[in-house]
Amino acid sequence: DTGVSQNPRHKITKRGQNVTFRCDPISEHNRLYWYRQTLGQGPEFLTYFQNEAQLEKSRLLSDRFSAERPKGSFSTLEIQRTEQGDSAMYLCASSSGQGASADTQYFGPGTRLTVL
Amino acid sequence: GQQVMQIPQYQHVQEGEDFTTYCNSSTTLSNIQWYKQRPGGHPVFLIQLVKSGEVKKQKRLTFQFGEAKKNSSLHITATQTTDVGTYFCAGYGAGSYQLTFGKGTKLSVIP
């Protein structure tokens with residue numbers, strides 16, 4: 001399977017704990033995006049990487065959230081001191097950044113976070 | 001900030017009936033994309049529209065981009081049960097990589 005993969009698929013944690021999610025984009029896609037989706041809503045943009053550089057962050061992204069893409073391949077999203085309001089599906093997407101389909105984003109299956 | 005609104009929020013149709021969802025942006029978009037999300041699944045890219053007034057068709061699906069590049073629509077002819085899911089429009093603002101999604105239209109098809 002050469003699609004976007006995310007791990008873990010499900011995470012249950014207690015309030016105040018730190019969690020880290022991983023995203024492996026489609027090989028050779030240089031653009032990577034993180035989104036959060038809650039029930040009945042569309043995906044909400046969190047952050048964007050072009051290769052290893054984090055070029056855009058949502059103003060809604062609190063300082064408890066941090067994302068990295070150290071080698072321009074996989075990415076991690078860490079949430080520190082989780083709160084119940086962080087419970088959501090966290091989606092990763094990638095796009096090639098080249099040609100006519102440069103902006104076509106391919107989504108992974110998501111990591112569902114439940115904060116107790 | 002940029003806002004993308006979709007109506008209706010829900011639509012229940014009898015199999016074979018047509019379905020339309022509408023999307024409006026508060027700002028001019030550089031392009032608009034449509035995604036479909038099946039229950040329990042993740043968004044899957046359907047199409048991208050770039051040009052003002054552009055119309056594209058995919059089998060029973062017809063997509064339109066408004067002349068002012070601020071609105072779009074998706075029309076499905078003769079719905080089938082396989083069309084069930086939530087349809088999202090999403091747009092990039094000028095000079096931004098932030099894709100803003102609407103809240104989606106959830107389509108139910110009654111066999």
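The values are calculated or read from the model by the stated rules, or taken from the named source; none is laboratory data. Quick caveat: nothing in here was measured; it's all calculated off a predicted structure. Positions of Cβ are generated from backbone atoms using ideal geometry, with glycine treated the same way; all protein chains shown enter the neighbour counts. The accessibility values were calculated without ligands, DNA or RNA, using every heavy atom of the protein model including side chains. Shrake-Rupley method; radii C 1.70, N 1.55, O 1.52, S 1.80 Å.
So the values come out like this:
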read-out	value
The lone exception for B:Gly40 - which of (1) within 16 Å of A:Pro43 (Cα to Cα); (2) modelled with pLDDT under 95; (3) open to solvent by 20 Å² or more (accessible area, probe 1.4 Å); (4) in contact with a Ser or Thr (Cβ under 7 Å, 6 or more places away or on another chain) it fails	(4)
Residue match in the stretch A:107-114 (condition: in contact (Cβ under 8 Å) with a residue 60 or more places away in the chain, open to solvent by less than 50 Å² (accessible area, probe 1.4 Å), touching a Phe, Trp or Tyr at 6+ places or on another chain (Cβ under 8 Å) and small (Gly, Ala, Ser))	yes
Residue that is farthest from the other protein chains (Cβ to nearest Cβ), among those in the stretch B:48-63 that are outside any loop (DSSP other than H, G, I, E, B) and modelled with pLDDT of 95 or more	B:Thr62
Members of the stretch A:26-63 found to be over 24 Å from B:Tyr87 (Cβ atoms) and under 10 Å from the mean Cα position of the chain (by Cα), listed by number	A:Leu32, A:Thr47
Unmet requirement for A:Leu46, which otherwise passes all of (1) within 11 Å of another protein chain (Cβ to nearest Cβ); (2) more than 17 Å from A:Met89 (Cα to Cα)	(2)
Entirely in the stretch B:64-111, the strands (runs of 3 or more DSSP E) that have 2 or more residues that are at negative phi, at pLDDT below 95 and touching a Ser or Thr at 6+ places or on another chain (Cβ under 6 Å)	B:85-93
Within the stretch A:86-103, tally of residues that are more than 13 Å from chain B (Cβ to nearest Cβ), in contact with a strand residue (DSSP E or B) (Cβ under 8 Å, 6 or more places away or on another chain) and not hydrophobic (A, V, I, L, M, F, W, C)	2
Which listed residue is surrounded by 18 or more Cβ atoms within 10 Å (Cβ to Cβ), free of Cβ contacts under 8 Å to residues at least 40 places away in the same chain and among the aromatic types (Phe, Trp, Tyr), from B:Phe63, B:Phe88	B:Phe63
Residues of the stretch A:1-12 satisfying the condition of being touching a residue at least 12 places away in the same chain (Cβ under 8 Å), surrounded by fewer than 17 Cβ atoms within 10 Å (Cβ to Cβ) and in a loop (DSSP other than H, G, I, E, B)	A:Thr2, A:Gly3, A:Pro8, A:Arg9
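Yes or no, residue by residue, for (1) buried (at least 21 other Cβ atoms within 10 Å of the Cβ); (2) charged (D, E, K, R):
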{"residue": "A:Thr20", "(1), (2)": "no, no"}
{"residue": "A:Gln41", "(1), (2)": "no, no"}
{"residue": "A:Ala53", "(1), (2)": "no, no"}
{"residue": "A:Phe65", "(1), (2)": "no, no"}
{"residue": "A:Glu68", "(1), (2)": "no, yes"}
{"residue": "A:Thr76", "(1), (2)": "no, no"}
{"residue": "A:Ser87", "(1), (2)": "no, no"}
{"residue": "A:Cys92", "(1), (2)": "yes, no"}
